[in-house]
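Comments concern the structure below.
The values are calculated or read from the model by the stated rules, or taken from the named source; none is laboratory data. No experiment lies behind these values; they were computed from the predicted model shown. Counting neighbours? That spans all protein chains shown, and the Cβs are built from the backbone with ideal geometry, glycine included.
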Amino acid sequence: MTPLLLLLFFSSLTVGSASTSAGENLYTPKANLIRYWNKEVKNNHAKPTFLLSKASPLSAVDAERFSKLAAQNALSSQFPAICPTANLLCFPDSSPIVQELISHPNVDAFKIIWRQQGIFFRESMLKKGKVMPMPDIKDKMPERSFLPRSISSKIPFSTSKISELKKIFHAEDNSTMETMIVEALNKCEKAPSPGETERCVGSAEDMIDFAISILGRNIAVRSTENVKGSKQNIMIGSVKGINGGKVMQLVACHQTLFPYLLYSCHSVPKVRVYEVDILDPNSKAKINHGVASCHMHTSNSNPNHAELTIASGPGQIRACHWVFENHLIWTVAN
């Protein structure tokens with residue numbers, strides 16, 4: 001082996017150890033995501049394990065192969081192969097969970113969540129030693145992964161291209177898959193609420209780009225650690241106000257039902273965000289690390305009925321809620 005080849009060989013080993021976890025191929029979707037994060041996000045905080053866990057499980061070889069097929073508009077022929085390999089939702093007609101979620105015409109799953117009793121609570125409850133009920137924060141969506149952006153960017157995500165989407169995902173007329181696709185497109189093409197910016201993202205890179213466009217490059221991902229404490233009383237432990245507890249802007253991302261992992265992300269202009277240690281009220285042991293956001297309602301807002309029972313007036317922060325499993329928020333890093 002020539003000196004030049006030896007140099008290239010050992011250089012590649014160095015790059016691999018610095019950019020990806022041990023034993024991971026340099027060009028898997030997850031490795032590409034790590035490099036993208038390092039390039040676009042300007043802080044030294046730990047990389048978000050939550051976001052990385054949603055990266056496509058495709059191998060580098062499969063990701064490249066399916067990307068070429070997508071570019072040739074030939075992905076449909078390989079959907080039976082890509083679906084389980086990429087951790088997509090392959091057979092929604094046989095899923096009772098999916099059937100339940102789409103049985104509410106024109107109502108997305110996120111709104112169904114907010115219909116639970118006890119979702120909202122007063123900001124004054126976020127004090128060390130307070131005992132309060134926690135709602136069911138468990139994710140009801142089927143598990144899926146993002147597609148690599150090299151593939152998702154080539155999929156025609158538009159109601160004007162519905163026939164092409166149906167072909168790619170083998171969606172028969174009047175099938176659950178067709179209903180799921182149509183409802184996701186309608187939601188994603190709906191005009192955002194006044195004062196908000198909204199975008200649906202089908203790759204982690206697209207989500208990073210949207211968060212940066214709203215908040216800048218010094219950003220952090222925040223999500224509740226697990227579902228412990230759900231549907232029972234909890235005790236509040238230590239509480240940390242993000243941005244010093246000051247009112248701030250954030251980007252919230254909520255799952256939308258679709259064959260691959262799709263998030264609806266929107267800017268929220270006036271909130272306070274807290275990270276909270278959640279304790280067992282009997283043993284006082286820490287069981288979870290939660291994220292709560294508290295929303296300020298203005299005279300222009302139209303809070304739902306549950307929020308109205310909490311909020312005491314326009315311009316005041318009273319309606320708080322936990323960030324549910326597999327939902328996440330983006331804030332400035334601090």
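Selection of the stretch 116-158 for residues being over 24 Å from the mean Cα position of the chain (by Cα) and free of Cβ contacts under 8 Å to residues at least 40 places away in the same chain yields only S124. Remark: pairs (first residue in the stretch 73-99, more than 18 Å from L262 (Cα to Cα); second residue not in a loop (DSSP other than H, G, I, E, B); Cβ separation under 6 Å; 6+ apart in sequence or on different chains) = L75/L69; L75/I168; S76/K167; S76/I168; Q78/L69; D93/T176.
Selection of the stretch 188-227 for residues being out of contact with any Ser or Thr (no Cβ under 9 Å at 6 or more places or on another chain), among the small types (G, A, S) and free of Cβ contacts under 8 Å to residues at least 40 places away in the same chain yields only A191. Here K161 meets the list (1) under 21 Å from the mean Cα position of the chain (by Cα); (2) assigned to a helix (DSSP H, G or I); (3) not acidic (D, E) almost entirely, failing just condition (1).
Among the residues making up the stretch 49-65, those that are outside any helix (DSSP H, G or I) and crowded, with 19+ Cβ neighbours inside 10 Å are K54, A55, S56, L58.
Residues checked against (1) on the phi < 0 side of the Ramachandran plot; (2) at pLDDT below 90; (3) not aromatic (F, W, Y):
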position: I34; (1), (2), (3): yes, no, yes
position: F66; (1), (2), (3): yes, no, no
position: C83; (1), (2), (3): yes, no, yes
position: L89; (1), (2), (3): yes, no, yes
position: I102; (1), (2), (3): yes, yes, yes
position: P105; (1), (2), (3): yes, yes, yes
position: K128; (1), (2), (3): yes, no, yes
position: I137; (1), (2), (3): yes, no, yes
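Any residue in the stretch 258-280 that is assigned to a strand (DSSP E or B) and among the polar types (S, T, N, Q)? Let's see the steps before the verdict.
Initial filter on the stretch 258-280 (assigned to a strand (DSSP E or B)): 262-279.
Now drop any that are not among the polar types (S, T, N, Q), which leaves 264, 267.
For the stretch 258-280, residues assigned to a strand (DSSP E or B) and among the polar types (S, T, N, Q): present.
Of the residues making up the stretch 233-286, those that are small (G, A, S) and closer than 20 Å to R122 by Cα are G237, S238, G241, G244, G245, A252. Restrict the check to the stretch 292-305 and report whether at least one residue is surrounded by fewer than 16 Cβ atoms within 10 Å (Cβ to Cβ) and in a strand (DSSP E or B). No, the stretch 292-305 contains no residue that is surrounded by fewer than 16 Cβ atoms within 10 Å (Cβ to Cβ) and in a strand (DSSP E or B). Among the numbered criteria (1) under 24 Å from E205 (Cα atoms); (2) buried (at least 17 other Cβ atoms within 10 Å of the Cβ); (3) in contact with a helix residue (DSSP H, G or I) (Cβ under 8 Å, 6 or more places away or on another chain), which single criterion is violated by T85? That leaves (2) as the condition not met. Please work out which residue is farthest from M180 (Cα to Cα), limiting yourself to the stretch 236-263 and to residues that are hydroxyl-bearing (S, T, Y) and buried (at least 20 other Cβ atoms within 10 Å of the Cβ). Selected residue: Y263. Examine the stretch 41-48 for a residue that is exposed (fewer than 15 other Cβ atoms within 10 Å of the Cβ) and part of a helix (DSSP H, G or I), and state whether such a residue exists. No: zero hits.
Tallying residues that are out of contact with any Cys (no Cβ under 7 Å at 6 or more places or on another chain) and farther than 22 Å from A81 by Cβ within the stretch 164-191 yields 12. For the stretch 189-240, the set of residues classified as of a type in the set (S, T, Y) and either closer than 17 Å to K39 by Cβ or part of a strand (DSSP E or B) (or both) consists of S203, S213, S238, listed by residue number.
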